[in-house]
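Asks: Below is one structure. I have some questions about it.
The values are calculated or read from the model by the stated rules, or taken from the named source; none is laboratory data. Since the structure is predicted, the reported quantities are computational estimates derived from the model, not experimental observations. When we count neighbours, we look across all protein chains shown, and the Cβ atoms used for this are built from the backbone with ideal geometry, even at glycine.
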Amino acid sequence: MSDATPVVFVVDDDISVRESLELLIQCQGWRVQTFASAHDFLDHPRLAVPSCLVLDISLPGLNGLELQRRVAVERAEMPIIFITGHGDVPTSVQAMKRGAVEFLTKPFSDNALLSAIRQALESSRMALGDEAQMRALRDCYASLTARERQVMALVVSGLLNKQVGGELGISEITVKAHRGKVMQKMKAASLADLVKMAAKLQQGTSAEKLISRPPLSA
C-alpha cells in the first residue's frame, strides 16, 4: 500500500479486541497499527497522512480521556473514536464535548465503527490539507522583505498606493513596485485574494500582526 494510505490507530489493552479490529480495518484497505497502552501509542511518531484513533476509555496508566487531551494538543489533525465495554453518560458527554467523532459501547456493529472511521479519516484529510495550505502561506509571507510586509499590511487595510506612500515616506511608484512583488511572492491573483491571505495569517498562531498598522499621519 502507498505511504499515503490512511492509517487507523487502535489503542486497547484487550489483545482479542486489537486483533479483531485489526482484521476488520485491514479488510477496508486502510493501514492499521495497534497498541496496548496510551504510552505505547505516544511513543509512535506522527504520520503526515490521514489518520484516526480508535481508543478504549479504560487503559492501564494513562486512560482514554487523558490521552484525548494529549492528542488534541500534539496531533490535532487526528480525530478520535471512543470504544468502551462499560461506558456511562457523563463520560461519553465529556468525550464528545472534547471533539470525539463517536462513542461506541461494546459490543458495537462493524458498520457503526467503519462509518465512524470513514468520517474521522475524511475530517483528518481536510485538516491536513488546511495545515499544508497554511504552511505554504506562511512560507510565502516569510519570503517578503520588511518593507514588503509593511506595504502589504497597509494595502490590505484598505489604503490606496498614494496613501501607503505617504504613510511610509516613499513614492507612489515605489509602492507600486513593492505591491507587485508582494502579489507575486504571495501568489495572489487579486487584492481580494491578498486580503483573504492576510486574514488567515492573522488568525494563525505565528501571525505577525499583519493587518495592524500605525494610524495615518495627520
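Results for (1) closer than 30 Å to VAL8 by Cβ; (2) at pLDDT 95 or above; (3) surrounded by fewer than 16 Cβ atoms within 10 Å (Cβ to Cβ); (4) not basic (Lys, Arg), shown as yes or no for each residue.
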{"residue": "ILE117", "(1), (2), (3), (4)": "yes, yes, no, yes"}
{"residue": "LEU121", "(1), (2), (3), (4)": "yes, yes, no, yes"}
{"residue": "CYS140", "(1), (2), (3), (4)": "no, yes, no, yes"}
{"residue": "GLU148", "(1), (2), (3), (4)": "no, yes, no, yes"}
{"residue": "GLY158", "(1), (2), (3), (4)": "no, no, yes, yes"}
{"residue": "VAL175", "(1), (2), (3), (4)": "no, yes, no, yes"}
{"residue": "HIS178", "(1), (2), (3), (4)": "no, yes, no, yes"}
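Asks: Would you be able to say whether some residue in segment 36-46 is closer than 17 Å to ALA116 by Cβ and in the same structural domain as ARG118 (by TED's automatic domain parsing)? Before you say what the answer is, go through the steps one by one.
Replies: Step one: of segment 36-46, the residues closer than 17 Å to ALA116 by Cβ are none.
Scanning segment 36-46 turns up no residue that is closer than 17 Å to ALA116 by Cβ and in the same structural domain as ARG118 (by TED's automatic domain parsing).
Asks: Do you know which residues across segment 189-201 are farther than 13 Å from VAL151 by Cβ, surrounded by 13 or more Cβ atoms within 10 Å (Cβ to Cβ) and of a type in the set (A, V, I, L, M, F, W, C)?
Replies: Within segment 189-201, VAL195, MET197, ALA199, LEU201 qualify.
Matching residues to (1) free of Cβ contacts under 8 Å to residues at least 40 places away in the same chain; (2) in contact with an Asp or Glu (Cβ under 7 Å, 6 or more places away or on another chain):
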{"site": "THR5", "(1), (2)": "no, no"}
{"site": "VAL8", "(1), (2)": "no, no"}
{"site": "ASP12", "(1), (2)": "no, yes"}
{"site": "SER16", "(1), (2)": "yes, no"}
{"site": "SER20", "(1), (2)": "yes, no"}
{"site": "ILE25", "(1), (2)": "no, no"}
{"site": "GLN28", "(1), (2)": "no, no"}
{"site": "ASP43", "(1), (2)": "yes, no"}
{"site": "LEU47", "(1), (2)": "no, no"}
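Asks: I've got another one for you. Output the residues belonging to segment 7-34 that are touching a Pro at 6+ places or on another chain (Cβ under 8 Å) and over 20 Å from GLN68 (Cβ atoms). Can you show your working first?
Replies: Keep residues of segment 7-34 that are touching a Pro at 6+ places or on another chain (Cβ under 8 Å), which gives 7, 13, 30-31.
Within segment 7-34, TRP30, ARG31 qualify.
Asks: Please pick out the residue among MET152, MET134 that is surrounded by 19 or more Cβ atoms within 10 Å (Cβ to Cβ) and either among the charged types (D, E, K, R) or farther than 30 Å from HIS86 by Cα (or both).
Replies: Checking each option against the conditions leaves just MET152.
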